[in-house]
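K.L.:
Encoded as structure tokens, here's the structure I'll be asking about.
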Amino acid sequence: MKNKYSIFSLIKNALSYHENWQRAWRDPEPKKEYDVIIIGGGGHGLATAFYLAKKHYIKNIAVVEKGWIGGGNTGRNTTIIRSNYLWDASAGLYDHALKIWEGLSQELNYNVMFSQRGVMNLAHNLQDVRDLKRRTHANRLNDIDAVWLNTEEVKKFCPIINTSPNIRYPVLGGTLQRRAGTARHDAVAWGYARGADAMGVDIIQNCEVKGIKRNGDTVEGIETSKGFIKTKKIGVVAAGHSSVIANMVDIKLPLESKPLQALVSEPVKPIIDTVVMSNAVHAYVSQSDKGELVIGAGTDAYVSYTQRGSHDVVEGTLKAILELYPIFSRMKMLRQWGGIVDICPDASPIISKTHIKGLYFNCGWGTGGFKATPGSGDLFAHTIANDEPHKLNADFNINRFVSGDLVDEHGAAAVAH
Amino acid sequence: MFLINCPYCGERDQSEFSAGGEAHIVRPKQPTELSDDQWAEFLFMRKNIKGVQLERWNHSHGCRKWFNMVRDTSNDKIHAVYKMGEKPPIK
């Protein structure tokens with residue numbers, strides 16, 4: 001890497017008032033041809049380019065992004081990372097990602113501020129208790145750490161939770177994954193961008209894809225706002241806009257794009273040192289290193305590409321937050337925003353080849369893609385390089401909607417979609 | 001968040017309504033003769049358009065009637081509302 005970050009580089013640059021840091025990645029014009037083009041410069045797309053270059057030795061790669069890198073859902077999520085999924089296929093996929101997260105800052109030479117502060121999922125009714133206990137057992141069978149906590153243990157782990165039996169949805173217990181936690185989302189995009197760029201990947205921002213050129217069932221290149229770029233392989237990692245790209249080649253995907261909202265409060269002193277999620281009342285909260293409460297709301301129940309979302313969704317989430325955490329009643333919310341998430345009918349992602357040769361899709365991450373960023377990139381890179389899925393993403397192909405082999409995580413994921 | 005002009009009740013808040021997805025996807029007349037591909041197409045595959053889309057909506061916290069809507073998903077603007085069974089008005 002041209003400019004390795006270390007304590008020494010920090011001291012050296014401090015002496016020159018931090019005015020001489022090298023830029024972390026180039027801003028190249030597109031070449032005429034690439035071996036692989038990744039559409040979408042979010043975390044997943046940049047990670048895909050990074051692992052294509054690092055593990056599969058493909059260096060002639062472009063990542064084209066219509067806005068700026070990490071400006072989409074990578075910069076709009078609530079940064080939660082966990083792998084306590086019910087089904088074997090999902091457990092394999094998300095725990096693969098979690099294992100990469102554990103060494104990611106070293107791998108990228110970029111501090112992604114991965115913090116294993118634990119993720120606790122609360123149960124509010126008897127069915128929740130049964131489902132979460134079942135998931136705990138399933139997790140353990142898949143070698144994923146998970147424990148069941150009773151109400152007193154929940155209170156001990158996170159003292160600000162209202163565990164009174166007299167609230168509308170009392171806390172009957174919860175599960176805890178200690179290896180889970182949070183990371184700094186922007187740093188993930190920047191770290192992968194810097195790492196990929198150092199290996200020769202061209203990251204082309206402000207370059208919108210207008211069309212995909214193909215000859216019969218083989219791709220030939222992409223039409224962009226910066227002209228035509230030739231390639232034999234295209235990896236589409238466009239999140240909420242996956243269907244927009246798919247419609248360019250007359251492919252229909254089983255996706256619906258909806259706004260998902262999050263909001264942060266004014267910064268306060270440390271008050272919650274973990275992540276607490278609650279499926280039944282749809283409230284989840286953690287605290288950023290800046291001190292803001294980071295709160296995730298639900299999706300709007302209709303298709304929309306507006307990155308804002310409805311007021312009533314936020315209102316519903318905050319009602320639940322206030323009942324569970326009365327201490328937050330006088331907090332002021334500072335910012336609210338929405339991201340467009342592409343949701344599959346079974347709430348599991350698609351990392352797959354298509355019937356068009358050289359066209360690959362990585363989409364359908366819905367409301368929970370951030371946690372999978374490194375694993376998704378790694379497996380998608382494998383799929384593109386070998387033209388065959390890795391065994392960990394073989395179940396996440398598009399054909400499962402024809403065969404019926406769905407990976408139904410709707411009720412099993414920690415928060416309702 | 002927006003207002004929806006229910007063809008039966010008039011203008012109401014969007015939170016009173018439930019979206020029913022893409023409109024004019026016809027239920028197969030001969031379900032027993034459908035292939036797996038055709039079932040997948042009917043059940044799961046959607047255009048998911050960014051732009052003007054035809055949709056079904058239900059006034060679930062009101063008259064509970066279904067109707068159709070022409071809506072631009074890129075800015076949530078509603079161009080027209082029309083009843084079930086009617087042809088979509090030309091936008």
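Conditions (1) surrounded by 24 or more Cβ atoms within 10 Å (Cβ to Cβ); (2) within 30 Å of residue A:284 (Cβ to Cβ), marked per residue:
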site: A:43; (1), (2): yes, yes
site: A:46; (1), (2): yes, yes
site: A:58; (1), (2): no, no
site: A:75; (1), (2): no, yes
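K.L.:
Take residue A:54 and decide whether it is modelled with pLDDT of 95 or more, among the basic types (Lys, Arg) and either at positive phi or part of a loop (DSSP other than H, G, I, E, B) (or both).
P.N.:
Taking the combined requirement at face value, the residue does not satisfy it.
K.L.:
Suppose we filter A:281, A:303, A:268 for residues that are over 18 Å from the mean Cα position of the chain (by Cα) and surrounded by fewer than 17 Cβ atoms within 10 Å (Cβ to Cβ); which single one remains?
P.N.:
Exactly one residue qualifies, and that residue is A:268.
K.L.:
Now, a different point. Report yes if residue A:409 is at negative phi and at pLDDT below 95, otherwise no.
P.N.:
So residue A:409 fits the description; yes.
K.L.:
Counting only residues that are within 14 Å of chain B (Cβ to nearest Cβ) and of a type in the set (Lys, Arg), which one in the range A:220-265 is surrounded by the fewest Cβ atoms within 10 Å (Cβ to Cβ)?
P.N.:
A:252
K.L.:
Which residue pairs have Cβ atoms closer than 8 Å, lie 6 or more positions apart in sequence or on different chains, and pair a first residue in the range A:1-21 that is free of Cβ contacts under 8 Å to residues at least 60 places away in the same chain with a second residue that is among the hydroxyl-bearing types (Ser, Thr, Tyr) and surrounded by 11 or more Cβ atoms within 10 Å (Cβ to Cβ)?
P.N.:
A:3/A:9
K.L.:
While we're on this one: For the range B:52-91, which residues satisfy the criterion of being touching a Pro at 6+ places or on another chain (Cβ under 6 Å) and surrounded by fewer than 12 Cβ atoms within 10 Å (Cβ to Cβ)?
P.N.:
B:83
K.L.:
Can I ask one more? I'd like the residue in the range B:15-51 that is more than 7 Å from every other protein chain (Cβ to nearest Cβ), surrounded by 17 or more Cβ atoms within 10 Å (Cβ to Cβ) and of a type outside the set (D, E, K, R) and, out of all such residues, is farthest from residue A:299 (Cα to Cα).
P.N.:
The extreme case among them is B:23.
K.L.:
Something else about it: Checking residue A:281 against (1) hydrophobic (A, V, I, L, M, F, W, C); (2) more than 14 Å from chain B (Cβ to nearest Cβ); (3) touching a strand residue (DSSP E or B) at 6+ places or on another chain (Cβ under 8 Å), only one condition comes out false. Which one?
P.N.:
(3)
K.L.:
Does the range A:363-378 contain at least one residue that is at pLDDT 95 or above and over 17 Å from the mean Cα position of the chain (by Cα)?
P.N.:
no
K.L.:
To continue, here is another question. Can you tell me which of (1) under 27 Å from residue A:311 (Cα atoms); (2) surrounded by 13 or more Cβ atoms within 10 Å (Cβ to Cβ); (3) more than 9 Å from chain A (Cβ to nearest Cβ); (4) of a type outside the set (Ser, Thr, Tyr) is the one residue B:11 doesn't meet?
P.N.:
Here residue B:11 clears every test but (2).
K.L.:
Also: Looking only at the range A:8-20, decide whether some residue is touching a Lys or Arg at 6+ places or on another chain (Cβ under 9 Å) and either more than 30 Å from residue A:175 (Cα to Cα) or surrounded by 23 or more Cβ atoms within 10 Å (Cβ to Cβ) (or both).
P.N.:
yes
K.L.:
Please work out if residue A:317 is of a type in the set (Ser, Thr, Tyr) and either within 11 Å of another protein chain (Cβ to nearest Cβ) or closer than 25 Å to residue A:89 by Cα (or both).
P.N.:
no
The values are calculated or read from the model by the stated rules, or taken from the named source; none is laboratory data. This one's a predicted model, so the numbers in the text were calculated from it and none came from an experiment. Cβ sites come from the backbone with ideal geometry, for glycine too, and all protein chains shown count toward neighbours.
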